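Student: Encoded as structure tokens, here's the structure I'll be asking about.
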Amino acid sequence: MPATSAKQRFEMEYSINASLKILFPYIASAPGLAQWFCDDVRLDPDQRMDMVWDKQSHFAEIAAQRPGRSIRYVFLDEQKCLVPDASYLDFTLEASRITDEVFLRVTDYSDYTDLQEQHELWAGLVGKLRDQVGG
């Protein structure tokens, strides 16, 4: 069994000029995620998500959700089973009552090792999301 690198937690907040109501479907639905986050997203019969990047499937299930506010995807192994210390993604939407700005907080817990590359990846993805929502 190959050695795996230690997982890292990456967290960033991004200001997005759109309402929580408009943004939530983009972080919490297969069609929404497919528009900015990955090449395609399909639901399997067990309601697990098959997120596709570069023609490779990555299975995930929703581990927690606060409707209209946040969602956590936990990634599964090739047999679609949970594993100890699984990678996950949290997307949390927060609105500032003072400025009316909406923020997307991304928490990416994975075995990514290059912090600069991680910043660039998420900046590009969130840029695509902003293009989709006009903000």
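Student: Only one of these conditions is not met by ASP100: (1) outside any loop (DSSP other than H, G, I, E, B); (2) surrounded by fewer than 16 Cβ atoms within 10 Å (Cβ to Cβ). Which number is it?
Tutor: Among (1) outside any loop (DSSP other than H, G, I, E, B); (2) surrounded by fewer than 16 Cβ atoms within 10 Å (Cβ to Cβ), the lone unmet condition for ASP100 is (1).
Student: Considering each residue of the range 49-89, count those that are in a loop (DSSP other than H, G, I, E, B) and crowded, with 17+ Cβ neighbours inside 10 Å, and give that number.
Tutor: The number of residues fulfilling the criteria is 3.
Student: Now for a separate question. I need every pair where a residue in the range 71-100 that is over 20 Å from LEU33 (Cβ atoms) has its Cβ under 6 Å from the Cβ of a residue that is part of a strand (DSSP E or B), sequence separation at least 6 or different chains.
Tutor: So the pair list comes out as ALA95/VAL102.
Student: Does the range 18-48 hold any residues that are loosely packed, with under 13 Cβ neighbours inside 10 Å and under 23 Å from GLU120 (Cα atoms), and which are they?
Tutor: ASP39
Since every read-out is calculated from the coordinates, none of them should be taken as a lab result. The shown structure was predicted, so the numbers you read here are calculated from the model rather than taken from an experiment. With ideal geometry, Cβ positions are generated from the backbone for all residues, glycine too; neighbour counts draw on all protein chains shown.
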